[in-house]
Amino acid sequence: MDVKTIAVIGAGTMGRGIAYAAAFGGYNTVLEDVSRHVLEQGVAWIRQSFEEGVARGKVEAEVRDRALSLISTANNVEDAIRDAELIIEAVPEELEMKLELFTIFDKFAKAGVIFASNTSSLSITDFTDVTVSRDRCIGMHFFNPVPKMKLIEIVRTPHTSDETVATCREVARRMGKEVVIVNEAPGFITTRVNALIGNEAFNMLEAGIATPEDIDKALKLGLNHPMGPFELVDLVGLDVRLKILEYLHQTLGEKYRPNSLLRQFVQEGRLGRKTGRGVYEYPQQKAAEKKA
């Protein structure tokens, strides 16, 4: 299939990053969110990210200008998906929300459209079985921050066609990404492994084995991880990690039981960078929130 227009549903952290990648790849890109404020923030973030890329010499000015000219916005899903050949949902990990969206996609999208989900843990078939053409449903799991992270996990269900996989692989290539193909399973590859590492880091912290700083330093210098597990969970969001672990615990068993200290931090509102405090504190984020 020849993809010309990509609709991205959800303008939060992942959605805005996916819209950046789509426009960078030369696709007409429609970004949608139910919140006008979040949508405006998303577009501003995309513009700033392209400006930073130019300043660092990573993006040419002509590429920035062309990409920004390809981005438009929509305030409802029906308008966003009307002309798209590929729809990528990037809403929170709530099964009911995704079921509702894929029902709308099936009803209002034009014929032959590919329906993709950016879910990081849920089984794709749990919310795509409501569609008529299950062969055009697939997972495209991007990573945060999308402009810098090279990987996309392409997740095929038992019904996904080879043509759908090939089309999404080509889209990823034009976005400048590398892909791995994963047969559908809870957590795919990276989420399953990373959830175990992060949960064990919390187990060690709770047991008083080492400080967060030293645990992060050990994994970065000893295992060559680019970020420590606590740095990463603060970036992703402790609430997001907890939901993933709860789902993996439910579907894969006891080894994924969420650590109690992680639960406590989430209950206290310590969600990471987005709230100014997670495992670590982020004074600049707190100051920005007070100013806003």
Q. If amide H atoms are built 1.01 Å from N in the plane of the peptide, which residues on other chains or at least 5 residues away come under 5 Å of the amide H of V182?
A. I154, V155, R156
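If you take the beta carbon distance between D65 and S260 as r and set R0 to 51 Å, what does 1/(1 + (r/R0)^6) give as a FRET efficiency, to the nearest 0.05?
Numbers: r = 51 Å, r/R0 = 0.99.
So the FRET efficiency works out to roughly 0.50.
Counting only Cα atoms, I'd like the Rg/Rh figure for the chain, Kirkwood definition for Rh.
Dividing the radius of gyration by the Kirkwood radius yields 0.97.
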Q. In terms of Cα to Cα distance under 15 Å, which aspartates and glutamates are near enough to K177, apart from those fewer than 8 places away along the same chain?
A. E153
Q.
Can you work out the Karplus-derived ³J(HN,Hα) for every residue in the stretch 169-177? Use 6.51 cos²θ - 1.76 cosθ + 1.60 with θ = phi - 60°, whole Hz, and x for glycine or proline.
A. 5, 5, 4, 4, 4, 5, 6, x, 10
Q. Which entries in the list K110/K150; K4/K150; K110/K274; K58/K274; K4/K274; K58/K220 go over 32 Å, if you measure between the two C-alpha atoms of each?
A. K110/K274; K4/K274
Q.
Over all directions, how big on average is the projection of the convex hull of the alpha-carbon atoms in the stretch 173-292, in square nanometres?
A. 9.7
Q) What is the helix-to-structure angle for 238-252, meaning the angle in degrees between its Cα long axis and the longest Cα principal axis of the chain, kept from 0 to 90 and rounded to the nearest 10? A) 80
Q: Run the quick spin-label model on T125 and H225: label points 7 Å from Cα toward the beta carbon, then report their separation in nm to one decimal.
A: 3.2
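So what is the 222 nm mean residue ellipticity for the chain from helices alone, if each DSSP H run of at least 4 adds -39500 (n - 2.57) and you divide by all residues, rounding to the nearest 500 deg cm²/dmol?
Numbers: 13 runs with 145 residues, N = 292.
Result for the chain: -15000 deg cm²/dmol, rounded to the nearest 500.
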Q: List, in order, the whole-Hz ³J(HN,Hα) value for each residue of the stretch 263-269 obtained from phi through the Karplus relation with A = 6.51, B = -1.76, C = 1.60 and θ = phi - 60°; use x for Gly and Pro.
A: 4, 4, 4, 5, 4, 7, x
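Could you rank the peptides 29-40, 79-90 by their average count of other C-beta atoms within 10 Å per residue, with the highest value first? Don't jump to the answer; show the numbers that get you there.
Values: 29-40: 18.7, 79-90: 22.5.
Top to bottom by mean Cβ count within 10 Å: 79-90, 29-40.
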Q. Can you give the FRET efficiency for R56 and V132, using 1/(1 + (r/R0)^6), R0 = 45 Å, r = Cβ-Cβ distance, to the nearest 0.05?
A. 0.50
Q. Which value in nm describes the separation of the simple spin-label points at N183 and I197, placed 7 Å from the Cα toward the beta carbon?
A. 2.5
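Just so you know, all these numbers are worked out from the coordinates, no wet-lab data involved. Just so you know, these numbers come straight off a predicted model, no measurement behind them. So basically every Cβ, Gly included, is an ideal-geometry build from the backbone, and we count neighbours across all protein chains shown.
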